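The values are calculated or read from the model by the stated rules, or taken from the named source; none is laboratory data. Everything numeric in this text was worked out from a predicted model, so none of it was measured. Note: ideal-geometry Cβ built from the backbone for every residue, glycine included; neighbour counts use all protein chains shown. For accessibility, only protein heavy atoms count, side chains too; no ligands or nucleic acids. Shrake-Rupley method; radii C 1.70, N 1.55, O 1.52, S 1.80 Å.
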Amino acid sequence: MSELTKNVKPLDDFNWEEFENGTSVNVSKEELDRAYNETLNKVSEHQVTEGTVISCDKKEVIVNIGYKSDGIIPASEFRYNPDLKVGDKVEVYVENQEDKKGQLLLSHKKARLSKSWERVNAALDNQEVIQGYIKCRTKGGMIVDVFGIEAFLPGSQIDVHPIRDYDQFVGKTMEFKVVKINQEYRNVVVSHKALIEQELEAQKKEIIGKLEKGQILEGTVKNITSYGVFVDLGGVDGLIHITDLSWGRVDDPHKVVELDQKINVVILDFNDEKNRIALGLKQLTPHPWDALDQDLKVGDRVKGKVVVIADYGAFVEIQPGVEGLIHVSEMSWSQHLRSAQDFLNVGDEVEAVILTLDRDERKMSLGIKQLREDPWEAIEVKYPVGSKHTAKVRNFTNFGVFVELEEGVDGLIHISDLSWTKKVKHPSEFTQAGADIDVMVLDIDKENRRLSLGHKQLEENPWDQFEATYTVGSIHEGKIIELLEKGAVVSLEKGVEGFATPKHLVKEDGTQATLGETLPFKVIEFNKDSKRIILSHSRTFEDAQREEKKAAKKAARANKKEETVKIENQPAATTLGDIDVLAQLKAQMEKGE
């Protein structure tokens, strides 16, 4: 008996013979309607019943529930079931027996919802695998239609591999497991990854049980990070550290491998539980040092690229995996150590000379200053003693100025060789760092790579002239430019300075000379070798007074001698008058003395 006739029951008092012959004129319309209605299902609104799909297309699905008319349901309510076909049994919810158009209104979605909560809870309790339809993307994952309920599928629960394109899953029907339900808010969380993990668990145990150091396996690049690459070995993940990707230096793992790339790796190590596996990629190729040209030796020139730079030097890769260090001291002949960044930058292509080569230790030191001639090899030719040059001031010490004639050629100007006349207390008073200064080579110390230089030697020694000018006893005008505890510094003509002690600074009126005064000074000592002139202001007037006294005494003695001669030449006889005259002369002489 078909679905359409299972509820049909002939009326006991219906005369079929008259009906077929057209003679049942006595049958009313109401009786006919009643007979028709009683042959159909009794349908109540707002209840769930079962129907049969009799037609379906992209827009609508027509379902027969044994009622006098069929119901139409939007095809969108069956998106979760793309395999729906004619003849399938579906649950429907009767919303209205007859709308304004006389149409039976059904809903499949509401029929599913009425029982979905119980089914979802049962699926969680029984760990049941269910089907769901992925409707759309949302923040952090996807929205899945499960029994008419919108469940959340986290991005991390879609697959065991990280998902980079979520949109590829929209519109798909997949199998899921219910992993979490919030009863209060009726939130449901599902997972597809859980199903895959169950399948992989057996494979994983089998793989882990066979792991051995040195074993070579094929894997798939699963994730690339700044510190290395994760590789899926078939359910088990291993890490290739960035240092094990290549024999050469790697700054970005993306330059070595790509996502989803199939690669062979070697197992380097793993922990006791074998859940942390260290893998290697470079170990599958020979070490570059083993392939290094056997004829390469110390003194040879090589070309390479600067891959790492630090203050102390630069590492140059001459071929992938083979590096040499250029120490900063091998970058310039200059003895002033600077940072390697002052000479080279990462990425620079350089030529260098091999200084040391240790194949066993796989170490090599290089130099670039050796490509230029050592300026000290022929220093006597370029900078002979007595030659004049222009140098650049580098720095000062208390005893002199360090200058650079050219890169790698340094010299010292002693403080005493800066000026013939000026007393320099500190070299910074005479010049400044970075300034040019003219020098003369005084001595060459080739062993210690240092030149003794002079600046004052470029001029004639003015003390040869000073010796004739500032003779002892000569008087010159001078200005007191500095007062010290032991005396005063006096500036004289031609830029020369002298010194006067406090007792030689007393003026004629008895006062002490002060700073800034200009006075006459007498030279009381001149020493050419020590470049010293001792002066005195007091002597300029004291010596004059002393000379006057000396002259007076000399005149008195002369007068006395003259008078004596006169007396001796007179006759012996004397008178009382003569005696008086002599007595007066004697008195005058004594008074004069």
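Once the Kirkwood radius over Cα pairs is known for segment 51-193, the Stokes-Einstein relation at 4 °C and 1.567 mPa s delivers a diffusion coefficient of 79 µm²/s. A compact globular protein would have a Cα radius of gyration near 2.2 N^0.38 Å; the ratio found for segment 217-361 is 1.29.
Restricting attention to segment 46-197, close to 90% of DSSP beta bridges with both partner residues there are antiparallel. From a point 7 Å beyond the Cα of Thr225 in the direction of its Cβ, which residues of segment 200-214 have a backbone N at a distance under 18 Å? Correct set: none at all.
Electrostatic tally near Lys305: other residues with Cβ closer than 12 Å to its Cβ, Lys and Arg +1, Asp and Glu -1, net -3. Tyr67 contributes an accessible area of around 40 Å² to the protein surface, as traced by a 1.4 Å probe with all chains present. Which of the three applies to segment 471-545, rounded, prolate or oblate, going by the alpha-carbon gyration tensor with a ≥ b ≥ c and a/c under 1.5 meaning rounded? It is oblate, given that a/c is not under 1.5 and a/b is not larger than b/c. Residue-wise HN-Hα couplings along segment 505-510, as the Karplus relation 6.51 cos²θ - 1.76 cosθ + 1.60 with θ = phi - 60° gives them from phi, are 9, 7, 7, 5, 7, x Hz; Gly and Pro carry x.
Per the Kirkwood formula applied to alpha carbons, segment 63-121 shows a radius of gyration over Rh ratio, Rg over Rh, of 0.99.
FRET efficiency for the pair Asn448 and Asn264, taken as 1/(1 + (r/R0)^6) with r the Cβ-Cβ distance and R0 = 56 Å, rounds to 0.40.
The equivalent ellipsoid of segment 349-414 has semi-axes of 34, 16, 11 Å, largest first, where each one is the square root of 5 times an eigenvalue of the Cα gyration tensor. Classified by the C-alpha gyration tensor, segment 155-304 has a prolate form. Its axis ratio a/c, with a ≥ b ≥ c, is 1.5 or above, and a/b is larger than b/c. The Stokes-Einstein estimate for segment 394-489, based on a Kirkwood radius over Cα pairs and taken at 20 °C with 1.002 mPa s viscosity, is a diffusion coefficient of 137 µm²/s. Applying 1/(1 + (r/R0)^6) with r as the Cβ-Cβ distance of Leu284 and Ser329 and R0 = 45 angstrom yields a FRET efficiency of 0.70. Report the Stokes-Einstein translational diffusion coefficient (µm² s⁻¹, integer) for segment 279-375, Rh taken as the Kirkwood radius over Cα pairs, at 20 °C with viscosity 1.002 mPa s. Here the translational diffusion coefficient equals 152 µm²/s.
Annotation: lysines with alpha-carbon distance below 17 angstrom to Lys553 (same-chain offsets under eight excluded): Lys561, Lys586, Lys591. Label-to-label distance for Lys172 and Asn121 is 3.2 nm, based on points extended 7 Å past Cα in the beta-carbon direction.
When DSSP beta bridges are restricted to pairs lying wholly in segment 457-542, around 95% turn out antiparallel. Under the simplified labelling scheme, the Lys363-Ala556 pair shows an inter-label distance of 9.7 nm, with each label point 7 Å from Cα along Cα→Cβ.
FRET efficiency for the Lys58 to Arg249 pair, using the beta carbon distance and R₀ = 51 Å, is estimated at 0.30. Ordered by solvent-accessible area of protein heavy atoms (1.4 Å probe), largest first, the residues Ser428, Ser491 come out as Ser428, Ser491.
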